[in-house]
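The values are calculated or read from the model by the stated rules, or taken from the named source; none is laboratory data. Note that the coordinates shown come from a computational prediction; the quantities given were computed from them, not determined experimentally. Neighbour counts run over all protein chains shown; Cβ positions are idealised from the backbone, glycine included.
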Amino acid sequence: MTQNLYGSTSVSVLLNNYLQQHEQNHALPSNLTDVLNSISQACLHINEAVRAGALNNILGSAHTGNIQGEEQKKLDVLANQILIDTLSTQSAVAGLASEEEESFISTNQKGQYLVLFDPLDGSSNIDVNISIGTIFSILPKPAGELKTESFLQTGRHQVASGYVLYGPQTILVLTVKHGVAMFTLNQHNQFELTEENPSIPVQTTEFAINMSNQRHWQAPMQKYIAELLAGKIGIRGKDYNMRWVASMVAEVHRILIRGGIFTYPQDQRDPSKPGKLRLMYEANPMSLLIEQAQGKATNTQQNILDIQPNGLHQRVAVVLGSKEEVDYLTAKHQNC
Ligand code: P6P
């Protein structure tokens, strides 16, 4: 068998091969590879727990709440602890922030990176066997003492981001800001490269939104969705299809593969909240992946990656996916 780009004599390229090759090709620091390998190891453990489900009595509520005021599922708590335990032993990691933790966790003083994560996104789907996922974001640790402000960097400062989708396949998707790579878990429990540099189609006829909130949306969003629902006879002149999985990881994965637009807008249910999704460990990591795949992500006013954070658990309106559709919807909000 001829050697392929990654020095492997078989056609399979495993995660560590890929990361080491990227480390050389793009002069990435080796300890970033170490952090990504640690995250993938933690997600292998989470994957085992997810797939055991009821057999391990791991479904259902933990009867506890988190900083978001949300009821935690047993798997939320377990996934969070697995990530904390694994990353706390990774010397390159200085600190952690999690959707499930009120404040940050200091780990290794000499670490160069901060890791932020939603340990199990899509929790409402856990007990009904619908795809869920782990989302992660990696930031450089600023010089000096670790404090909350150390984490409050714009999404453009991320050095890597990604997710693991626990679906019909277990798929790791990541970027180190040189394109996007997708790895499928093989029968040897190894992540194997199966897709490189997906490019999101500029146009789309598929949208994802929770329609039950329609009466709460601001006028530009109501007008936009009404245009899509009008189909061919409307001003957009084409029929649209709709999807809503209630797992952002699944929606983003679909968009990376075949395009589309996903939005969770601000609504009037709680005008004090700019949106439901969290900037630091949902919107930012996903927006970096989308941009690396030629898509776009805004909060209807500006590019999500340019938002200056003011809190670890800050919420944000999200519009992401096929560039032309995101630009059209964003312009609607700016011309109102
Ligand atoms: P709703 C999951 O809880 C999540 O944070 C995202 O993964 C998902 O897109 C959204 O919330 C679903 O929200 O209001 O439809 O349940």
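Brief remarks follow.
- From the list Glu71, Glu101, the lone residue that is closer than 30 Å to His313 by Cα and within 19 Å of the chain's Cα centre (by Cα) is Glu101.
- Failed item in (1) in contact with a helix residue (DSSP H, G or I) (Cβ under 9 Å, 6 or more places away or on another chain); (2) among the acidic types (Asp, Glu); (3) part of a helix (DSSP H, G or I), with Asp118 passing the rest: (3)
- In this structure, Glu291 qualifies as away from the ligand (no atom under 16 Å from the Cβ), surrounded by 17 or more Cβ atoms within 10 Å (Cβ to Cβ), modelled with pLDDT of 95 or more and among the charged types (D, E, K, R).
- The residue list Gly237, Gly179 contains one member that is surrounded by fewer than 17 Cβ atoms within 10 Å (Cβ to Cβ) and within 30 Å of His26 (Cα to Cα), which is Gly179.
- Hits in segment 57-71 (condition: at negative phi, out of contact with any helix residue (DSSP H, G or I) (no Cβ under 6 Å at 6 or more places or on another chain) and free of Cβ contacts under 8 Å to residues at least 40 places away in the same chain): Ser61, Thr64, Gly65, Asn66, Glu71
- Residue list for segment 294-316, filter: among the aliphatic types (A, V, I, L, M) and either crowded, with 24+ Cβ neighbours inside 10 Å or within 12 Å of the ligand (Cβ to nearest atom) (or both): Ala297, Ile304, Val316
- Condition check for Ala79: surrounded by 19 or more Cβ atoms within 10 Å (Cβ to Cβ), in a strand (DSSP E or B), touching a helix residue (DSSP H, G or I) at 6+ places or on another chain (Cβ under 7 Å) and hydrophobic (A, V, I, L, M, F, W, C): no
- A search for C-beta distances below 7 Å between a residue of segment 235-256 that is within 21 Å of Lys223 (Cβ to Cβ) and away from the ligand (no atom under 13 Å from the Cβ) and any residue that is in a loop (DSSP other than H, G, I, E, B) and at pLDDT 95 or above, counting only pairs 6+ apart in sequence or on different chains, returns Lys238/Thr205; Asp239/Thr205; Tyr240/Thr205; Asn241/Thr205.
- Residue in segment 133-146 that is in contact (Cβ under 8 Å) with a residue 40 or more places away in the chain, away from the ligand (no atom under 12 Å from the Cβ), over 18 Å from Gly60 (Cβ atoms) and assigned to a loop (DSSP other than H, G, I, E, B) present: yes
- For the criterion of being part of a loop (DSSP other than H, G, I, E, B), under 20 Å from the mean Cα position of the chain (by Cα) and not β-branched (Val, Ile, Thr), Gln90 fails.
- One residue stands out among those in segment 261-289 that are farther than 19 Å from Leu116 by Cβ and not in a loop (DSSP other than H, G, I, E, B): the one that is farthest from the chain's Cα centre (by Cα), which is Asp267.
- Within segment 203-228, tally of residues that are of a type in the set (A, V, I, L, M) and loosely packed, with under 15 Cβ neighbours inside 10 Å: 3
- Residue count for segment 264-283, restricted to those that are of a type in the set (Ser, Thr, Tyr) and within 10 Å of the ligand (Cβ to nearest atom): 1
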